[in-house]
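Step one of this worksheet: look at the structure below.
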């Protein structure tokens, strides 16, 4: 066990600058919890920056809290699977030089990709309950394992944060794309270019400045999706044929927002429906796939009906599908907003009028339809009008390429907004509904 390799601040007194990256706004949300007793758990897909955030927290402790470097331990189970007890015993004996039970000052333990250690929740529970001067941080990429473990063993002992790629506002800041919100239309062309790039990299920092489409494609397919499918999921579940997982992923990638029937997948892939259903659950809980439910005022009914499925972000779909036609680009933009708004519901009437996203906002419902093209037809508003009339919503949005206008009816108003502008100021647009 080579703990000094993981903990170079023991020798240098600071975190290597290369490992720290740029501070993100999620860091500001986490820092108020750093000195609280509860465990902090960071969860999210591979490559979204969980490890970088752990290093940034360590850097904060060293520089802002004046914590001794020897009172900070970091270990990654993605690199080595060591015995948990051996790690803590070695740390106490060789570095801390005292028993954690006897220490009067707080110690900070960071465990990266902890889901790879079998029985980790029980280990953290023991550490938490036994050592009052211990602060624990843990990260993981498998939501199912994290959720089950936390609920069973760590109830009331943790705060959880989901780490995601950069949102569009952060992305523009990282890209140093300047704009003035009061004169935003002046900067339209620059932001539109960034919007197209954002579709391709989905806010993943490592691909933010990459212009080679083939490198971007390989990054998302090989560094993230294939690693999750062929390594992470089989480590957590009994998977006989990971290739079926990958085939499901490619089918969903080719049709973002497809209505999934397990029966048809079962027939096409020559697997029984229960296996297909389980595989979709594995993909959802590994953060690769997102399900959106048919809206109903009865939420239990919603979960039993057909679901739309999207990959976690448009970059995944583009990496697997590869053909950026105008029609497919519109589906990618739909995928983008489903991800950005964390959409859980869509609408479909008996007459097959549809709305892509239904957001519960305060005490009302906000319908959002994506029609990413320059011209919007009258029939493009039919789904919004049907939903708004049925559920008494007085505001709806249609997201276009660059058209911006309003349609007022006796029962409400539909605003047509450029997709890039809505993504940039989505909180403001949603706040109008709340007010």
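The values are calculated or read from the model by the stated rules, or taken from the named source; none is laboratory data. Just so you know, these numbers come straight off a predicted model, no measurement behind them. Positions of Cβ are backbone-derived with ideal geometry, glycine not excepted, and every protein chain shown enters the neighbour counts.
Couple of notes before you dig in:
- All positions within the stretch 388-401 that are surrounded by fewer than 14 Cβ atoms within 10 Å (Cβ to Cβ) and in a loop (DSSP other than H, G, I, E, B): 392, 394
- Count of the stretch 410-420 residues which are surrounded by fewer than 17 Cβ atoms within 10 Å (Cβ to Cβ) and out of contact with any helix residue (DSSP H, G or I) (no Cβ under 7 Å at 6 or more places or on another chain): 2
- Where residue 45 falls short, out of the listed (1) surrounded by 19 or more Cβ atoms within 10 Å (Cβ to Cβ); (2) not in a loop (DSSP other than H, G, I, E, B): (2)
- Single match in 399, 423 (criterion: in contact with a helix residue (DSSP H, G or I) (Cβ under 6 Å, 6 or more places away or on another chain), farther than 18 Å from residue 354 by Cβ and modelled with pLDDT of 95 or more): 423
- Some residue of the stretch 122-135 being closer than 26 Å to residue 22 by Cβ and more than 17 Å from the chain's Cα centre (by Cα): yes
- Qualifying residue in the stretch 210-225 (condition: in the same structural domain as residue 48 (by TED's automatic domain parsing), crowded, with 21+ Cβ neighbours inside 10 Å and assigned to a helix (DSSP H, G or I)): no
- In the stretch 25-42, the residues that are surrounded by 15 or more Cβ atoms within 10 Å (Cβ to Cβ), over 15 Å from the mean Cα position of the chain (by Cα) and over 24 Å from residue 173 (Cβ atoms): 38, 39, 40
- Counted residues, the stretch 236-280 - those being touching a helix residue (DSSP H, G or I) at 6+ places or on another chain (Cβ under 9 Å), in a helix (DSSP H, G or I) and surrounded by 13 or more Cβ atoms within 10 Å (Cβ to Cβ): 23
- Any chance residue 383 is closer than 13 Å to residue 414 by Cα, part of a strand (DSSP E or B) and in contact with a strand residue (DSSP E or B) (Cβ under 8 Å, 6 or more places away or on another chain): no
- Residue check, residue 369 within 25 Å of residue 197 (Cβ to Cβ), surrounded by fewer than 18 Cβ atoms within 10 Å (Cβ to Cβ) and touching a residue at least 12 places away in the same chain (Cβ under 8 Å): no
- Against the test of being crowded, with 20+ Cβ neighbours inside 10 Å, assigned to a helix (DSSP H, G or I) and in contact (Cβ under 8 Å) with a residue 60 or more places away in the chain, the options 54, 73 yield a single qualifying residue, 54.
- Failed item, numbered, when residue 22 is tested on (1) surrounded by fewer than 17 Cβ atoms within 10 Å (Cβ to Cβ); (2) in contact (Cβ under 8 Å) with a residue 40 or more places away in the chain; (3) within 28 Å of residue 132 (Cβ to Cβ): (3)
- Unique residue being surrounded by fewer than 23 Cβ atoms within 10 Å (Cβ to Cβ) and under 30 Å from residue 324 (Cα atoms) when the list is 385, 374: 374
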